[in-house]
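Quick notes on the structure that follows.
The values are calculated or read from the model by the stated rules, or taken from the named source; none is laboratory data. In this text, all values refer to a predicted model and were calculated from it rather than measured experimentally. Here the Cβ positions follow ideal geometry from the backbone for every residue, glycine too, while neighbour counts run over all protein chains shown. These area figures cover heavy atoms from the full protein model, side chains too; ligands, DNA and RNA do not enter into them. Shrake-Rupley method; radii C 1.70, N 1.55, O 1.52, S 1.80 Å.
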Amino acid sequence: MDFSLNDIQQMMQDSAAKFIQNDYDFETRRGLSNSSAGYSEDNWKLFAELGWLALPIKEAYGGLDGDLVDTMVLQQEFGKGLLVEPYYATVLLGANLIQKQASDAQKLELLEQVVAGELKLALAHSEAQASFDVSQTKTRAEKQGDQYVLNGHKAVVLGAESADYLLVPARTSGVMGDAEGITLFLIDPKSAGVQLRGYATNDGLRAADVGLTDVTVSASSILGQADSAAPAIELVLNEAIVALGAEAVGIMEKLLAATSEYIKTRQQFDQPISRFQVLQHRLADMFMETEQAKSMVYFAAMEVAKGGPEASRVASMLKVKIGSAGRLVGQQAVQLHGGMGITDELDVGHFFKRLTCINNQLGSRDYHLQSLVNKAAAG
């Protein structure tokens, strides 16, 4: 498989790597995570200037018309810096879904603001019984005249507190479990009946549980056509799995480099512990898992971009691999650093926390493994 980058991809990788190295060290990141906003608005403006917010958006709406592989390259670098800005929530989930589901007029109005850094979004798709499967959506939207009234609850909505709009899938027809009947609404989080309970996640990001109690919106708040949003949401979530996989690979590469450097300097019995063969084997295991995960991300990026029924199966395969590899690499990194590996002052433990949270986003490794088993049994 050819891993070489084209000119645009190389430019994005270089600019992101330079930003992480020069302006986004671990202490800076930890300070931003602990701030009241949880991220830097100045950084967000810089992202717009660098074209990162425009990368996956079509040229017609002010974007760079990048594909899933382009996004994957950028996400891999973001993983090395443990980025706390809501890039994933706004661009990879929110803007990507608008691009796939909204009308042309809605795309033009919303996406140009995203590209300019003037609009942040949050996709409120997850519910207690449906962290990944949109067909299990319980939140309902009842039509009353030319308006809709929404009631329900959304869980762990990343970037909700900083979002200018929430993208809320709700059932407008059928019953829970039906593949059809899901409508996507654009809702102002300050609307009457919307309750946000924000909190910090274990990996230093921000999320919120969103309650919807008799939230009344007009029909113009529907993105695209009513009852038609499920396929677009499923595709966006599959593409988001690829993006998370790329971020995880960046983290694993960072942990591998840090651990390799540490065991060369840590002395035991008057020699660096890197000379101990058993530790060399453990480092080799970390390297193999990281490279296999990287290959799987590239494969998934190309396959998921094609769409179709195979996209979901490949996304699940990637989630399984990332879950397994992330756990092994993270655990080995912490163990080989000894007691300091779990301290708050060292970045190793924070990288491992992020890998653990990535495993649980959009369905855990066990969830997707069971999904693959069920699909294989069904023929």
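Go through the residues of the range 93-101 one by one and say whether even a single one is open to solvent by less than 10 Å² (accessible area, probe 1.4 Å), of a type in the set (S, T, N, Q), modelled with pLDDT of 95 or more and in contact with a strand residue (DSSP E or B) (Cβ under 7 Å, 6 or more places away or on another chain). Scanning the range 93-101, I find no residue that is open to solvent by less than 10 Å² (accessible area, probe 1.4 Å), of a type in the set (S, T, N, Q), modelled with pLDDT of 95 or more and in contact with a strand residue (DSSP E or B) (Cβ under 7 Å, 6 or more places away or on another chain), so the answer is no. Under the condition of being free of Cβ contacts under 8 Å to residues at least 40 places away in the same chain and more than 17 Å from Gln76 (Cβ to Cβ), the residues counted in the range 1-33 number 7. Among the numbered conditions (1) open to solvent by less than 10 Å² (accessible area, probe 1.4 Å); (2) part of a helix (DSSP H, G or I); (3) over 17 Å from Phe47 (Cβ atoms); (4) of a type in the set (Gly, Ala, Ser), the only one that Ala141 does not meet is (2).
Here the condition is being assigned to a helix (DSSP H, G or I), of a type in the set (Gly, Ala, Ser), closer than 18 Å to Met72 by Cβ and modelled with pLDDT under 95; of Ala311, Ala243, it holds for Ala311 alone. Cβ separations smaller than 7 Å between residues 6+ apart or across chains give the following pairs from the range 160-182 residues that are within 21 Å of Ala219 (Cα to Cα) to residues that are among the aromatic types (Phe, Trp, Tyr): Val168/Phe185; Ala170/Phe185. Selection within the range 293-315: residues that are touching a Gly at 6+ places or on another chain (Cβ under 8 Å) and without any contact (Cβ under 8 Å) to a residue 60 or more places away in the chain. The member of this set that is surrounded by the fewest Cβ atoms within 10 Å (Cβ to Cβ) is Met296.
So which residues in the range 267-292 are polar (S, T, N, Q), open to solvent by 60 Å² or more (accessible area, probe 1.4 Å) and assigned to a helix (DSSP H, G or I)? The answer is Gln277, Gln280, Gln292. Only one entry of Leu53, Leu108 meets the criterion of being at pLDDT 95 or above and either basic (Lys, Arg) or open to solvent by 10 Å² or more (accessible area, probe 1.4 Å) (or both), and that entry is Leu108. Taking the range 188-216, which residues are part of a loop (DSSP other than H, G, I, E, B) and either of a type in the set (Ser, Thr, Tyr) or under 13 Å from Pro86 (Cα atoms) (or both)? Once the filter is applied, which keeps residues that are part of a loop (DSSP other than H, G, I, E, B) and either of a type in the set (Ser, Thr, Tyr) or under 13 Å from Pro86 (Cα atoms) (or both), the range 188-216 yields Ser191, Thr201, Gly204, Leu205.
Here Leu212 does not qualify as touching a residue at least 12 places away in the same chain (Cβ under 8 Å) and closer than 26 Å to Arg354 by Cβ. Looking at Val115, Val168, Val134, just one residue is crowded, with 20+ Cβ neighbours inside 10 Å, closer than 16 Å to Leu93 by Cβ and at pLDDT below 95, and that residue is Val134. Within the range 118-131, the set of residues being farther than 28 Å from Gly66 by Cβ and open to solvent by less than 40 Å² (accessible area, probe 1.4 Å) comprises Glu127, Ala130.
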